[in-house]
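The values are calculated or read from the model by the stated rules, or taken from the named source; none is laboratory data. All of these numbers come straight from a predicted model, not from anything done at the bench. Counting neighbours? That spans all protein chains shown, and the Cβs are built from the backbone with ideal geometry, glycine included. Quick note on the areas: whole protein, heavy atoms, side chains included, nothing else; ligands and nucleic acids left out. Shrake-Rupley method; radii C 1.70, N 1.55, O 1.52, S 1.80 Å.
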Amino acid sequence: SAVISQKPSRDICQRGTSLTIQCQVDSQVTMMFWYRQQPGQSLTLIATANQGSEATYESGFVIDKFPISRPNLTFSTLTVSNMSPEDSSIYLCSVGKQGLNTEAFFGQGTRLTVV
Amino acid sequence: LAKTTQPISMDSYEGQEVNITCSHNNIATNDYITWYQQFPSQGPRFIIQGYKTKVTNEVASLFIPADRKSSTLSLPRVSLSDTAVYYCLVGDVGGPGTALIFGKGTTLSVSS
């Protein structure tokens, strides 16, 4: 299994500012994934972060808005830049199956409110 | 990835068995069926996974007919704490680099 810690758990930010969300995993993982969950909606994949290379972004998400760092095999950050109220969402990081486990693991999420 | 269709919401009472059906008509040969549960303010949590027939664990059972075009998640004797969103996902289990693509999910509300 994998235990994922996300920081902060929640934040209220002013529009136009940026917030960096941290994701720490208790074991080394190749890929980490970042999702957004808007209020009352399902999860949407933002990007896939591979250690040592640029993140791969899904359609509708760009690096300038959501820069991602992946400095090592246990840590990643997602920055939400130049925030607007439309960015108010829960942001979650995830890692895929590990070893014999068939499941993916998720952090608790970061609840972001932009005012 | 195969598209899935599941009810938007379901209501139940404590102690009842709840069955949530998911349709996946375009499931591929290599695809597995996986269900996740999400409580408010938490990330999704794996419940069960199967390929065909029936799978049972301590939390739920998963029934998959021979044509694999649908599946049913069965929750025995639900309690208030089973109130959550349940997601049906279909895809190749793949390796650690496989991202999960979520559909809309089914919101289960359990009342006393």
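The table that follows gives values for the structure above.
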read-out	value
Residue check, A:LEU92 within 8 Å of another protein chain (Cβ to nearest Cβ), within 20 Å of A:CYS13 (Cβ to Cβ) and either under 14 Å from the mean Cα position of the chain (by Cα) or open to solvent by less than 30 Å² (accessible area, probe 1.4 Å) (or both)	yes
Single unsatisfied condition, B:GLN38 versus (1) exposed (fewer than 15 other Cβ atoms within 10 Å of the Cβ); (2) closer than 26 Å to A:ILE46 by Cα; (3) within 12 Å of chain A (Cβ to nearest Cβ)	(1)
Filter pass, B:LEU100 being over 9 Å from the mean Cα position of the chain (by Cα), open to solvent by 30 Å² or more (accessible area, probe 1.4 Å) and within 13 Å of chain A (Cβ to nearest Cβ)	yes
Condition met for B:THR83 (at pLDDT 95 or above, within 20 Å of B:ILE8 (Cα to Cα) and surrounded by fewer than 17 Cβ atoms within 10 Å (Cβ to Cβ))	yes
Sole exception among (1) within 11 Å of chain B (Cβ to nearest Cβ); (2) crowded, with 18+ Cβ neighbours inside 10 Å; (3) modelled with pLDDT of 95 or more for A:ARG10, by number	(2)
Residues being among the hydrophobic types (A, V, I, L, M, F, W, C), in contact (Cβ under 8 Å) with a residue 60 or more places away in the chain and within 12 Å of chain A (Cβ to nearest Cβ) - total across segment B:51-94	3
3 or more residues in contact (Cβ under 8 Å) with a residue 60 or more places away in the chain: qualifying strands (runs of 3 or more DSSP E) within segment A:10-115	A:10-13, A:19-25, A:31-37, A:89-95, A:110-114
Selection status of B:SER9, surrounded by 13 or more Cβ atoms within 10 Å (Cβ to Cβ), of a type in the set (Ser, Thr, Tyr) and modelled with pLDDT of 90 or more	no
